[in-house]
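Chemist: Before we start, here is the structure in question, set down as structure tokens.
Laboratory data are not the source of any read-out in this text; all were calculated from the coordinates shown. Keep in mind that what you see is a predicted model, and the values were worked out from it rather than measured. Backbone-built Cβ (ideal geometry, glycine too); neighbour counts: all protein chains shown.
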Amino acid sequence: MIQFREQKQNVALTNHIIKSEQVFDRDTCELKCYQDPNCVSYNYGPSADGNLLCELSDKTHSQVPANDLKAKEDYIYSLITANACQSSPCKLNSTCQAGFGAHGYRCICPEGYHGETCELDVNECAVATHDCSPNADCSNVMGSFHCNCKSGYSGDGKTCQAFGSTKELAVSSCKSLSSFNFPSGVYWLDVDSGSRDNSFKAYCEMETDGGNWTLVWSYTFTNYSNFQASSNAITPRPNWHVFIPSRVDVTVSKNPPLSETDFNAFEFSKWKIFGEEILVKSNINNWIICSSGDGNLAKWSDGPVNCKIIKSITEHCPDGPPPTHFFRYFGRYCGPSFFSDSFHYYFDGCTRYNWPTHDPCGQNSDRGLKNIQNPHGNVFIR
């Protein structure tokens, strides 16, 4: 129980009043102080309008400058008889409230601290009371914590954006993302590392054969159900050079494909800036990777290529053989092909001649998978 004793007549403590109320008598004023956990002294006396005023303070005269106790006629200044807060037992700028517990006080700790006298640090990182981004590391410090964006992210720690996630954070290539273990997806690329004005979105494939692939072309077929019909071709086609333009009649695309089923093609002149190694994926034919040789799709040059099969899709020829050459113009000049003795992949762009061979055995036969929903293929470069 808090007890009060009369301290001084005709004075009042100023500058530390936390609450001021009209009361009926002094006992009521003492009760108000008792009920307020921050009150350790009070002033009691008449107000200017003749009512009785009770002013509660969170300090005593012995805790503050002497001139804070000022003369005030007909006022009584009283403080707690046994003020356990007088010795300032609470640490680190915490608030001491008298009259609680076995010690006669309790400490109201500031954020970041706990303990009987607020002497212990709260490890916000360990108890998950921090507000760091999921893409940031939380570091505990005394009374607080710091948030630092993880490698591959930029921001203040509370908000962390992945490299490549915005135009302002564009990266130079899909390969530059590999050290961050980012998943396949759409990223902003700035291949000339300039002002970002020329940045563009691209799909980065980060899984196959170590990843770092840029998707340059996603295509489907004009008549998949009748695969060997002359009306069947790939669509759309990139704006690569064609030998006889009047024959190549499928739609041309110059829009970056942003997924493996977003049927579009990068501006062909940009392909070589992504690299020279070619990955061809299809959900109806074996996947191949062809490293640069005299023949190269990205550089648009004919000749031998060094290819390997990296995934078997059909039951036919699961181990190859892989293509040995790349040729720009084949089959009435309707499109380029990867071939050995005959076609493995023939990217036929004519709906009046030929058909778009996808043969895992490289024999220009119709051995691609049948009855596939959303049949398509993709070309990647790194």
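Chemist: Binning every alpha carbon pair distance of the chain at 10 Å from zero, what are the percents per bin?
Modeler: 5, 17, 18, 10, 8, 7, 7, 8, 9, 8, 4, 0
Chemist: Can you list residues whose amide H is under 5 Å from TYR333's amide H, if they're 5+ apart or on another chain and H is modeled 1.01 Å from N?
Modeler: Sorted by chain and number, the residues that satisfy this come to none at all.
Chemist: Please give every one of the aspartates and glutamates within straight-line cross-link reach of LYS91, meaning a C-alpha to C-alpha distance under 13 Å, and leave out same-chain neighbours fewer than 8 residues apart.
Modeler: List returned: GLU111, GLU116, GLU119, ASP121.
Chemist: As an exercise, use a Förster radius of 35 Å and the Cβ-Cβ distance of GLN9 and HIS103 to find the FRET efficiency, rounded to the nearest 0.05.
Modeler: Efficiency at R0 = 35 Å is approximately 0.65.
Chemist: Treat every Asp and Glu Cβ in the chain as -1 and every Lys and Arg Cβ as +1, leave all other atoms uncharged, and give the resulting dipole magnitude about the Cα centre to the nearest 20 debye.
Modeler: Dipole about the Cα centre, nearest 20: 1360 debye.
Chemist: Quick one: Cα convex hull volume of segment 6-81, Å³ per residue?
Modeler: Measuring per residue, one finds 82 Å³ for the Cα hull of segment 6-81.
Chemist: Please list, in chain and number order, the residues 5+ apart from VAL216 or on another chain whose amide H is under 5 Å from its amide H, with Hs placed from the backbone.
Modeler: HN-HN under 5 Å from VAL216: VAL379, PHE380, ILE381.
Chemist: With n ≥ 4 as the cut-off for DSSP H runs, can you work out [θ] at 222 nm for the chain, using -39500 (n - 2.57) per run divided by the number of residues, rounded to the nearest 500?
Modeler: -1000 deg cm²/dmol
Chemist: Based on other C-beta atoms within 10 Å, arrange SER259, SER253, SER151 from fewest to most.
Modeler: By the 10 Å Cβ count, ascending, the order reads SER151, SER259, SER253.
Chemist: If the reach is capped at under 25 angstrom between alpha carbons, list the lysines near LYS308, excluding any in the same chain fewer than eight residues apart.
Modeler: LYS175, LYS270, LYS272, LYS281, LYS299, LYS370
Chemist: If each residue of separation counts as 0.36 nm, what is the full-extension length gain between ASN226 and ARG352 once their alpha-carbon separation is subtracted?
Modeler: Computed gain between ASN226 and ARG352 is 44.0 nm.
Chemist: If you don't mind, another one. If you average the alpha carbon positions of segment 128-170 and of segment 226-257, how far apart do those two centres end up, in angstrom?
Modeler: Spelled out, the Cα-based centre of one part sits 46 Å from the other.
Chemist: In percent, how large is the relative contact order of segment 208-381, given Cα pairs closer than 8 Å and 6 or more residues apart?
Modeler: 27 percent
Chemist: Which of these, ASN212, ASN364, ASN93, has the largest mean-square fluctuation under a Gaussian network model of the chain (Cα springs below 10 Å)?
Modeler: Highest fluctuation of the listed residues: ASN93.
Chemist: Mind checking the full-extension length gain between ASP262 and GLN161? Use 0.36 nm per residue of separation minus the Cα-Cα distance, one decimal, nm.
Modeler: 33.8 nm
Chemist: Viscosity 1.306 mPa s, temperature 10 °C: what is the translational diffusion coefficient of segment 185-323 from Stokes-Einstein with a Kirkwood Rh over Cα pairs, rounded to a whole number of µm²/s? Show your work: numbers first, answer last.
Modeler: Working: Rh = 16.5 Å.
Approximately 96 µm²/s, per Stokes-Einstein.
Chemist: Calculate, in nm to one decimal, what ASP49 and SER151 gain on full extension: separation in residues at 0.36 nm each, minus their alpha carbon distance.
Modeler: Extending this stretch completely gives an extra 30.0 nm.
Chemist: Please identify, among GLY157, GLY210, GLY293, the residue showing maximal mean-square fluctuation in a Gaussian network model of the chain using a 10 angstrom Cα cutoff.
Modeler: Evaluated over the chain, the most mobile residue of the options is GLY210.
Chemist: Compute the helix-to-body angle for 26-35: its Cα long axis versus the longest principal axis of the chain, expressed 0 to 90° and rounded to tens.
Modeler: Tilt of helix 26-35: around 30 degrees.
Chemist: Based on the Cβ-Cβ distance from SER195 to ASP68, what FRET efficiency comes out when R0 is 51 Å, to the nearest 0.05?
Modeler: With R0 = 51 Å, the Cβ-Cβ based efficiency is 0.25.
Chemist: With springs connecting C-alpha atoms under 10 Å apart, model the chain as a Gaussian network and identify which of VAL191, VAL127, VAL242 has the largest mean-square fluctuation.
Modeler: VAL127
Chemist: Oh, and also: Taking segment 12-73, which trypsin sites (Lys or Arg not before Pro) meet the DSSP loop condition and have no more than 11 other C-beta atoms within 10 Å?
Modeler: Passing both the DSSP loop test and the Cβ count: no residue.
Chemist: Separate question: When only Cα pairs under 8 Å and 6 or more residues apart are kept, what is the percent relative contact order across the chain?
Modeler: Here the relative contact order equals 10 percent.
Chemist: Estimate the FRET efficiency between LYS370 and HIS241 by the formula 1/(1 + (r/R0)^6), using the beta-carbon distance for r and 30 Å for R0, to the nearest 0.05.
Modeler: Between LYS370 and HIS241 the formula returns 0.35.
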